[in-house]
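Structure first, then comments.
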Amino acid sequence: MTPVTVVRSQSIKLLDEDVDTDQMVPARFLRTSAATGLGACLFYDRRFGLDGERLAGFPLNPPMYQGERILIGGANFGCGSSREHAPWAFKDFGFDVLIAPSFGEIFYHNCLKNALLAIAVDPESHRFLSLWDGLVTVDLDQQVIQAGDVQVPFAIDPFMRFCLMRGLSQLGYVTEQEPLIALFEQKNDQRIVPLSGVGSI
Amino acid sequence: MGQTLFDKVWQQNTVKAETPDQPALLYVGLHLLHEITAPQAFAMLEEWRLPVRRPDLTLAMVDHCAPTSKDADGRFVVKDQATVAQIDALTSDCTRHDIPCFSLDHPFQGIVHAVAPELGLSRPGQVIVCGDSHTSTHGAFGAIAFGIGSSEVAEVLATQCILQRRPKNLRVIVDKVLSPGVSAKDLALYITTKLGAVGGKGYAIEYQGAGIRALSMEQRLTLCNMTIEMGARFGLIAPDQTTLDYLGRCLLQREIEASVLGLFSDPDAPWDKELVIDADQVSPMMSWGTNPAMSIALGDELPLPTTATERQAYAYMGWQGQKVASGRVVDHVFIGSCTNGRISDLRIAAAQMQGKTVATNTQCLIVPASKLVKQQAEDEGLDLVFRQAGATWGEPSCSLCNAMNGDLVAPGRLSVSTSNRNFEGRQGQGARTVLVSPASAAQIAIRGHL
C-alpha cells in the first residue's frame, strides 16, 4: 500500500449530512468481485440523471470538480452499508483525504485500511474548512490540517497512523500474532465450537 | 466495579489486550460470508498466499443477489452474467478453502442473518462478524456481533481474529411491555427517533428492561438488526430462558454452557450513556424521510422540515403540500429482509391478508428470509394466503431491501417496506421508501394507500 504522509490540494465540498454508502456506490454496481475501477461508479446517481445526463450542479462533476484530492463531507459521512467498495471508489476517483464532523464507523475503518485518510474534525473547524477555497495541507505525521494561517489539529488512532505512514497492511500485523492466537485456541478449546454438521447437510 | 455484558464477552474473547498503541485482538467464534464482500477478501488471501485458518468456524451463503423468481422449469432466473460470476466466485473460493457454502439450491440457503440464528449457529458469548452492517442482528443472543469491511474479512479468514478498539457502553432501558399490534420493528424505529441516526456512534447498545424480556427471540433479532441505523455497530441483549428455549428448538443442537446465564450486565456496571423509554408509549411507526431516524407514528402529522437535510428528504419523498401521510397512494409493498422476513413476521402478515386482496394499484412482494422459513410458511399454508390475496411469493433473498437481484422500484414510485433502510435510491434509482412493521405493511397492501 502507498504510504500516506502529506497531502496538499484544494478541497471539494459535499456537505450534505448522513450521506450513506448506498449513495457513494449504488448497489447495482456491487455486482462485481473486483476492488478496482470503481471510481466511475462513485456517486453515480447523483452525478448523472435518470437519462444518463451529467448533472453540472453536483460538486464531483466538472466544472466544479477539478482533480481535488481532499473532500470535505457532512456529518455522519458514510453511514449505512459496510461495502468497502465506497472507499475503493473514492481512492480510484482520486481522493486521498476525507474530512467531516463525523463518519459512519464501518466506513471510517474501511477508509483507513485503504490509504484513504478519514479525519473527523470539530464543528467549528469543519465550518471554517467548508468555506475555505485555498490550498489545504494535511500532515499525518504532525496530525494537523493547515489552511492558510489556520491550523486544525486532528486525532487518529496511533496504530492506524503507524500503519498508514508506512503503507503497512494490517493483515501483516494480525498474521504475526500467530503464537498468541494458537495459545488462545489451546486455552479455550471447550468454548470454540466448530460448525460440525453444517458441511455434511 | 461491575462489568457490562459487552465487556464480559469482550474479555472472554480477547487474544491480545488493547493498549494505547494497539487495538485489542479478538477471537471470532463465527464468521459469515456472502457473495458481495467475500470474493475480494479471498483475492487478498491469494495475494498474500495465506490459507484460511478456521474453515470450520466459517459459513458462506448467497443472499444479496439471489433471484426471487424461478422459471417454469424450476430454475432460478439470474438476470445478468455479473451475478452468475459473483456466485461462482464465492462457491469456488469456498470449495478451494473447504468452507461450507449454501448456494442457491442448498436447502438451508437464505439471508445470513436469518440462517445462522435459525440453525443454532449464533451463540451467546461469541464474537460474530460478517462483511455486512446488519450483523448486529446476532447480538440478540448476547454476542458481540458486528459488520466489517472486506479487508477485515481477509484478516479474519487468515487469523480468525479481528482488531478492535473497545466501544463505550450505552444502555436502552425499555420499561413496561409493547401494546398488542406493536412490534419490535416499531420499537426499533421509535428508539431510533429518540437516539437519532448518530446517537449510537461509538457505543455498543445493550437493550434491557421488561419490554425486552417480553420480546420473542425473533423480535429481539429485529431490534438488534436495526441498531446500526442508530449509528452503533453493536446491539445486544442478555441471554435468558427465551434465548435457551429458542436454541433448544434449532435444527443443529449443540451443547449449551451453563455459564451462558451468567452473561448479563452487573447491577453496578458503569454506563457511558443511557436512554429510558416506556414500551406502552410506542405505537405503529412509519419512516417519512431518507433515514430511519426520520420516523413518526402512523397517523401523526408529517413534521415540518427544519434542517437542510430534512428539507431534502421531504422533497425527495414528495411530501410537498401534504400535512399527513394518510391517503398517499402506494405502488409497492415489500415484506421480507433480515429485519422482517422470519416466520413470525410472515404469520403476522398472513393474518392481516387472510381472505382479502391486495389493492389493484399496488404490487406486493413477499420474500421469506430463508429456505427453512419458506418451507415452514408453506407447511402452514401462508403462501396460499399471500397468493390468493394477489401477492407474489418469492425465493429467499435480500431482494428489494437492497435492490441488487433485479427486484426494483421505479423512479418516483412509493414503496412501503419492512426492510431496514429508506436511503435515497436504496430500492432503485429515485425510488421512495417508507419503513414499517410487517403488520402495517400487510394492511397497507390491502388498502393500497397509506
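Laboratory data are not the source of any read-out in this text; all were calculated from the coordinates shown. Note that the structure is predicted; figures quoted are calculated from it, not measured. For neighbour counting, all protein chains shown are included, and Cβ atoms are generated from backbone atoms with ideal geometry for every residue, glycine included.
Data table
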{"quantity": "P(r), alpha carbons of the range A:94-167 - 5 Å bins starting at zero, rounded %", "calculated": "3, 15, 29, 27, 17, 8, 1"}
{"quantity": "Given charges at beta-carbon only (K, R positive; D, E negative), |dipole| of the range B:5-164 in Debye", "calculated": "340 debye"}
{"quantity": "Two-decimal ratio, chain B, of alpha-carbon radius of gyration to 2.2 N^0.38 Å", "calculated": "0.94"}
{"quantity": "Projected area averaged over orientations for the range B:285-447, convex hull of C-alpha atoms, nm²", "calculated": "8.6 nm²"}
{"quantity": "Farthest positive-ward along chain B dipole, Cα basis, beta-carbon charges - from B:141, B:238, B:365", "calculated": "B:365"}
{"quantity": "Dipole magnitude (debye, nearest 20) for the range B:212-291, charges at Cβ of Lys, Arg, Asp, Glu", "calculated": "320 debye"}
{"quantity": "C-alpha center-to-center spacing [the range B:20-83, the range B:130-208] in angstrom", "calculated": "21 Å"}
{"quantity": "Gaussian network model of chain A, springs between alpha carbon atoms under 10 Å - residue of A:156, A:99, A:181 with greatest fluctuation", "calculated": "A:181"}
{"quantity": "Gaussian network model of chain A, springs between alpha carbon atoms under 10 Å - residue of A:175, A:32, A:21 with greatest fluctuation", "calculated": "A:175"}
{"quantity": "Sequence of B:15, B:77, B:129 once ranked by neighbouring C-beta atoms within 10 Å, starting from the fewest", "calculated": "B:77, B:15, B:129"}
{"quantity": "Value of relative contact order over chain B, rounded to a whole percent, pairs C-alpha under 8 Å and six or more apart", "calculated": "18 percent"}
{"quantity": "Burial ordering of B:103, B:179, fewest other beta-carbon atoms within 10 Å first", "calculated": "B:179, B:103"}
{"quantity": "Globularity ratio of the range B:77-201, using Cα Rg and 2.2 N^0.38 Å", "calculated": "1.30"}
{"quantity": "Debye, to nearest 20: dipole size of the range B:149-250, +1 on Lys, Arg Cβ, -1 on Asp, Glu Cβ", "calculated": "300 debye"}
{"quantity": "Cα shape, the protein assembly as shown, gyration tensor, a/c 1.5 rule", "calculated": "rounded"}
{"quantity": "Fewest-first ranking of B:205, B:212, using other Cβ atoms within 10 Å as the exposure measure", "calculated": "B:212, B:205"}
{"quantity": "Helical segments meeting 18 Å axial Cα length and Kyte-Doolittle -1.0 threshold in chain B (DSSP H)", "calculated": "B:81-97"}
{"quantity": "Bridge type composition, the protein assembly as shown - antiparallel percent by DSSP, nearest 5", "calculated": "35 percent"}
{"quantity": "FRET E, pair residue B:354, residue B:70, Förster distance 22 Å, beta-carbon r, rounded to 0.05", "calculated": "0.30"}
{"quantity": "Alpha-carbon Debye profile of the range B:5-164, log10 I(q)/I(0) at 0.09, 0.13 Å⁻¹", "calculated": "-0.30, -0.60"}
{"quantity": "Burial order of peptide ranges B:386-392, B:375-381 (average beta-carbon count within 10 Å, highest first)", "calculated": "B:386-392, B:375-381"}
{"quantity": "Charge sum, other residues only, whose C-beta stays under 9 Å from residue B:292's C-beta, Lys/Arg counted +1 and Asp/Glu -1", "calculated": "0"}
{"quantity": "Distance between the range A:107-166 and the range A:49-106 - C-alpha centres, whole angstrom", "calculated": "16 Å"}
{"quantity": "Extent along principal axes [Cα atoms of the range A:6-187; Å; largest to smallest]", "calculated": "60, 45, 23"}
{"quantity": "10 Å Cβ neighbours from other chains, averaged over peptide B:422-433", "calculated": "4"}
{"quantity": "Packing rank of A:82-95, B:276-289, B:84-97, where each peptide gets the mean count of other beta carbons within 10 Å, highest leading", "calculated": "A:82-95, B:276-289, B:84-97"}
{"quantity": "Three-way shape call for the range B:229-381 based on the alpha-carbon gyration tensor, with the a/c threshold at 1.5", "calculated": "oblate"}
{"quantity": "From the C-alpha gyration tensor of the range B:25-108, square roots of 5λ in Å", "calculated": "26, 14, 10"}
{"quantity": "12 Å Cα-Cα reach of residue B:323 towards aspartates and glutamates, excluding residues that sit fewer than 8 places from it in its own chain", "calculated": "B:300, B:301"}
{"quantity": "Among the listed pairs B:168/B:273; A:113/B:8; B:70/B:185; A:91/A:113; B:194/B:273, those beyond 19 Å (Cα-Cα)", "calculated": "A:113/B:8; B:70/B:185"}
{"quantity": "Most mobile of A:186, A:146, A:23 in a GNM of chain A (Cα contacts under 10 Å)", "calculated": "A:186"}
